[in-house]
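Each remark here refers to the structure printed beneath this line.
The values are calculated or read from the model by the stated rules, or taken from the named source; none is laboratory data. Computed from a prediction, not measured in an experiment: that's the story for all the values here. Using ideal geometry, Cβ is built from the backbone for each residue, glycine included, and neighbour counts are taken over all protein chains shown.
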Amino acid sequence: MRHEDIEHYLQDVLGLTAIVKPWAGGAALPYFLHDAYEFASIELIGVPYVLMLERDKATSASKVRKHLDTLAQASGAVGIYVAAALSSYDRKRMVGQRVPFIVPGNQLYLPDLGIDLREYFRQRRETPDKVGLHQHDVVACGEGTGKCRTRLGSGCGARALAAF
C-alpha cells in the first residue's frame, strides 16, 4: 500500500492536506510489531498519529486493538490501523473495539475525530422475474402436485414457485 494512496484518499474525502512520512519512533517498539506493520507518521487537524500499515491480511480486531495499546504504551503515540481491504465482519469488530482505521478508497473510521465514513455500500441483488410472475399473483398451490395456479390462469412448475 502506497503512502500516496492514503494522502489522496484523505484529501478527496476530508479535504485535508496530509503528508505521510516515515516514523522515527519505531526503535522503541517490540519486534513483533515491526514484523506485522510498516509504520509512518501523519498529522490530522493538528494532531500527530502513527499509521500502522498492515503487512499480513489475517489480523483480528482484538489483535489490532492490543497492538495499538502496545504502540501507545511503548511510544506514547496514538495509532491508526491501515488496511488494503476489510470485510464487513472485520469492520464491525474494529468499530466495536473502537479501533481507528483507514482503508484507502473505501472506509475511514477515526473515533477520536468523530469520523465514520464508508464509500461503497452493497446493494441488494434484485432477483430477476424468471417466469413473469409476481409473489402476489400466486393464489393457490396444490401441495405435492408440482403445479400452481395464478390469477392470470397460467400454470407454472414447482421450480418456478421455489424461485419466489
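For residues that are of a type in the set (Gly, Ala, Ser) and at pLDDT 90 or above, scanning just the stretch 42-66, find the one that is farthest from Val103 (Cα to Cα).
Ranking the candidates gives Ser62 first.
For the stretch 27-41, give me each residue that is farther than 12 Å from Glu54 by Cα and of a type in the set (Gly, Ala, Ser).
Ala27, Ala28, Ser41
Could you pull out the residue among Ile19, Ile42 that is aliphatic (A, V, I, L, M), within 20 Å of Glu7 (Cβ to Cβ) and in a loop (DSSP other than H, G, I, E, B)?
Only one candidate passes the filter, namely Ile19.
What are the residues in the stretch 79-98 that are surrounded by 15 or more Cβ atoms within 10 Å (Cβ to Cβ), aliphatic (A, V, I, L, M) and either more than 17 Å from Asp35 (Cβ to Cβ) or not assigned by TED's automatic domain parsing to the domain that holds Ala18 (or both), if any?
Across the stretch 79-98, the qualifying residues are Ile80, Leu86, Met94, Val95.
Out of the stretch 67-85, which residues are over 14 Å from Gln97 (Cβ atoms), of a type outside the set (A, V, I, L, M, F, W, C) and modelled with pLDDT of 90 or more?
Thr70, Gln73
Of the conditions (1) in a helix (DSSP H, G or I); (2) within 21 Å of the chain's Cα centre (by Cα), Val50 satisfies every one except a single condition; which number is it?
Only one criterion in (1) in a helix (DSSP H, G or I); (2) within 21 Å of the chain's Cα centre (by Cα) is unmet by Val50, namely (1).
Among the residues in the stretch 62-71, are any surrounded by 14 or more Cβ atoms within 10 Å (Cβ to Cβ), of a type outside the set (Val, Ile, Thr) and assigned to a loop (DSSP other than H, G, I, E, B)?
Checked against the condition, which is being surrounded by 14 or more Cβ atoms within 10 Å (Cβ to Cβ), of a type outside the set (Val, Ile, Thr) and assigned to a loop (DSSP other than H, G, I, E, B), the stretch 62-71 yields no hits at all.
When the residues of the stretch 86-115 are narrowed to those that are in a loop (DSSP other than H, G, I, E, B) and not polar (S, T, N, Q), which ends up farthest from Ile42 (Cα to Cα)?
Among those that are in a loop (DSSP other than H, G, I, E, B) and not polar (S, T, N, Q), it is Leu86.
Can you spot a residue in the stretch 50-70 that is touching a residue at least 12 places away in the same chain (Cβ under 8 Å), of a type in the set (Gly, Ala, Ser) and more than 25 Å from Lys92 (Cβ to Cβ)?
Within the stretch 50-70, none of the residues are touching a residue at least 12 places away in the same chain (Cβ under 8 Å), of a type in the set (Gly, Ala, Ser) and more than 25 Å from Lys92 (Cβ to Cβ).
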